[in-house]
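For reference, the structure is listed below as structure tokens.
Since every read-out is calculated from the coordinates, none of them should be taken as a lab result. If you're wondering where the values come from, they're calculated on a predicted model, not measured in any experiment. Please note: Cβ atoms are built from the backbone with ideal geometry, for glycine as well, and neighbour counts cover all protein chains shown.
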Number of protein chains: 2
Amino acid sequence: MVALWSQGRIIMNDIKAKWIAADWGTTHMRAWAIGEEDNVLAFRESNEGMKDLQQNEFEPVLLRLIESWLDEAKVTTVMACGMVGAKQGWVETPYLKTPCVPIDNNQLTTANTLDTRIRVHLVPGVMQNDPADIMRGEETQIAGFINIKHDFKGVVCLPGTHAKWVNINEGQISNFKTFMTGELFGVISNHTLIRHSTSIKGWNQNSFEEGVHEGFNNPGLIASNLFSLRAESIVNNLDRDQARSSLSGLLLGVELNGAQSYWKDSNVTLIGSELLSNNYQLGLKILGGQSELFSLETATLSGLSSSYRGLISG
Amino acid sequence: MVALWSQGRIIMNDIKAKWIAADWGTTHMRAWAIGEEDNVLAFRESNEGMKDLQQNEFEPVLLRLIESWLDEAKVTTVMACGMVGAKQGWVETPYLKTPCVPIDNNQLTTANTLDTRIRVHLVPGVMQNDPADIMRGEETQIAGFINIKHDFKGVVCLPGTHAKWVNINEGQISNFKTFMTGELFGVISNHTLIRHSTSIKGWNQNSFEEGVHEGFNNPGLIASNLFSLRAESIVNNLDRDQARSSLSGLLLGVELNGAQSYWKDSNVTLIGSELLSNNYQLGLKILGGQSELFSLETATLSGLSSSYRGLISG
């Protein structure tokens, strides 16, 4: 056995997966080889997200990532969640409707594959009729979280490009609300005049915190406060890291104003990337809210794992 | 004399201008040939805006537009305003600082030109220290408006990519606030997932009005209400014209929430393109505000004209 250090994990190059977990989103694909004890044997990722793939390209992309994990003697199950199940994805999986359990194993969709060594099951997204809302991928993380915190009743927030605030009760998603704050941060940073005033990566804690307060207190001024970042950089030479952090804080503050009903009386569980979850936790703390973090990877794998176990026992 | 119909005006091809007015913004350049009676003899425009030009390209672009209006026997004055005077423009003109008159003829900047038939004067922009804010071009329209409404005291709003709300008193700009609502509308329409759900041009009055109310009442929900447009189109087949009009209404409603101190107790004068000014007027009316329209072209020409007259009499 040869151990290779890759992606922060030890990869064995003769690993054979019992089954494979895949989180296939708009911009990224992540795959895990899972062993007999539900343990992670290996992890690989690719930036071949759903948005860049034609329908017939999903299978080859998947195989390129996972082929070495396949045991030629058997069919390996792949459990996949995320935008891969959208209309523009591999196979469209119909949404579950709230209120609902996050994953219903009777509603999985199977992708047609040419390669007989794999069987690919897609987890459906969840939709809400009124007000209209949709998620794909987060339902799996919610399922995984509930799987571990069985009697959880309360609010989960999943920060991301499209942050989800979710009310959970008796194992079900009662209702949820999406804020496209992350996507706004991206287009404002990259496509408006503010791009001339912000850094790509830098950070200033004070500017972030002031932004959260201002965004929360005066959400109606957001289009003015954004322009101020540009004006401050011209008039007062505002530092680019400060501008970027203010932008992040302002947009989060506006979201936390709109999402008050979710967090004012709850201890929110944050499930997202470490960076974003830390920002949300700090933002909430500044405004008097309480939160705790739950690992995104744990949630995803626990969700896909419970679905896999339901499938083979069913 | 041969009369040509162009740009909605009768153009005489042997017109000679007494002086020339130019409004040179980020994306467009507009030039007017002005006659002895301060009357408009001709108009031309180009999409060669400041953002697409290097410093040495401004003079050739200007000459291409206005050369036929020049009298070879004399030097013709060109009065220009807008982003042409920005750091990235032709010549940087230092800002006036609020409180200030909108145009101070002692602060004009003269561009160096190779062609001796023209003398080009640039009108400075106006800045505000605290809170930091800037304008270039709108000061000329404000000067032109005050020129016609001598004793005006109150609020002027100039809708546009970067809308300006301006307090005017005793012929001066007391203070102002910029909202980059128009630029946000552009990037959200063109660069976020909402682009899949909106039309390019269509309009639905009801959706606009509902959007104004919702944006005004719940500015903190803006990132959620924007995502809802996408979700509504997936879940409930929201019409694309409705989505576009809702987007416009939502963003304007948020601005009108933030700009309340400017319009709650004032009859606002709107100076902008007809389309945008009509939207602002309707938005204000829906929320109980009062406004009247003032012609953008009249304001621009009146402003440049007063500066020209000050120059030749000075």
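Listed cross-link partners A:Lys51/A:Lys97; A:Lys18/A:Lys97; B:Lys51/B:Lys149; B:Lys201/B:Lys264; A:Lys87/A:Lys149; B:Lys153/B:Lys177 are compared with a 22 Å cut-off, the Cα-Cα value being larger for A:Lys51/A:Lys97; A:Lys18/A:Lys97; B:Lys51/B:Lys149; B:Lys201/B:Lys264; A:Lys87/A:Lys149.
Shown for A:Lys264: label points 7 Å from Cα along the beta-carbon vector, and their distances to the equivalent points in the other copies, 2.1 nm in ascending order. For the protein assembly as shown, with the dipole built from +1 on Lys and Arg beta-carbon atoms and -1 on Asp and Glu ones, taken about the Cα centre, which of B:Gly215, A:Leu53, B:Gln260 lies farthest toward the positive end? Highest projection toward the positive end goes to A:Leu53. Of all the options B:Ser245, B:Ser207, B:Ser261, the one that moves most in a Gaussian network model of chain B with Cα springs shorter than 10 angstrom is B:Ser261. If you place +1 on the Cβ of every Lys and Arg and -1 on the Cβ of every Asp and Glu, how big does the dipole about the Cα centre of segment A:143-226 come out, in debye to the nearest 20? Dipole magnitude for segment A:143-226 comes out near 200 debye.
Based on Cα contacts under 8 Å between residues 6+ apart, chain A shows a relative contact order of 14 percent.
Annotation: amide H of A:Ile118 within the under-5 Å range of A:Thr76, sequence separation 5 or more or interchain, hydrogens built in the peptide plane. Annotation for A:Gln54 and A:Asp130: the two label points, set 7 Å from Cα along the Cα-Cβ direction, are 4.2 nm apart. Around the amide H of B:Trp19, modelled in the peptide plane, lie the amide H atoms of B:Ile34, all under 5 Å away and 5 or more residues distant in sequence or on another chain. In the elastic network of chain A, a GNM with C-alpha springs shorter than 10 Å, the most mobile of A:Leu62, A:Leu229, A:Leu275 is A:Leu275. Rounded to the nearest 10 degrees, the inclination of helix A:296-313 to the longest alpha-carbon principal axis of chain A is 30 degrees. Which one, B:Lys18, B:Lys97, B:Lys149, has the greatest fluctuation when you compute a Gaussian network model over chain B with C-alpha springs under 10 angstrom? Per the Cα network of chain B with a 10 Å cutoff, B:Lys149 tops the list.
Over all other residues within a Cβ to Cβ distance under 13 Å of B:Arg230, the charged ones net out to +2, with Lys and Arg as +1 and Asp and Glu as -1.
Averaging the Cα positions of each part gives two centres, and for segment B:233-251 and segment B:51-66 these lie 40 Å apart. Counting from the shortest, the label point at B:Glu72, 7 Å from Cα toward Cβ, is 8.8 nm from the same position in each remaining copy. Loop-located trypsin sites (Lys or Arg not before Pro) across segment B:173-226 with a Cβ neighbour count of 10 or fewer within 10 Å are B:Lys201, with loop assigned by DSSP. The GluC sites (Glu not before Pro) of segment B:73-150 meeting both criteria, a DSSP state outside H, G, I, E and B (loop) and at most 16 other C-beta atoms within 10 angstrom of the site's C-beta, are B:Glu92. What angle, in degrees between 0 and 90 and rounded to the nearest 10, separates the Cα long axis of helix A:138-148 from the longest principal axis of the Cα atoms of chain A? Taking Cα atoms only, the helix is inclined about 70 degrees. About its Cα centre, the protein assembly as shown has a charge dipole of approximately 140 debye under the convention of +1 per Lys or Arg Cβ and -1 per Asp or Glu Cβ, with nothing else charged. Once you reduce segment A:289-305 and segment B:72-106 to the center of their Cα atoms, the two points are 58 Å from each other. Position A:Asn217: other-copy label points at 2.7 nm, ordered by increasing distance, label point 7 Å along Cα→C-beta.
R0 = 25 Å: FRET efficiency of A:Thr110 with A:Glu45, Cβ-based, nearest 0.05? Using R0 = 25 Å, I get an efficiency of 0.55. Sparse packing (at most 16 other Cβ atoms within 10 Å of the Cβ) combined with a DSSP loop state is found for the following GluC sites (Glu not before Pro) in segment B:143-211: B:Glu170.
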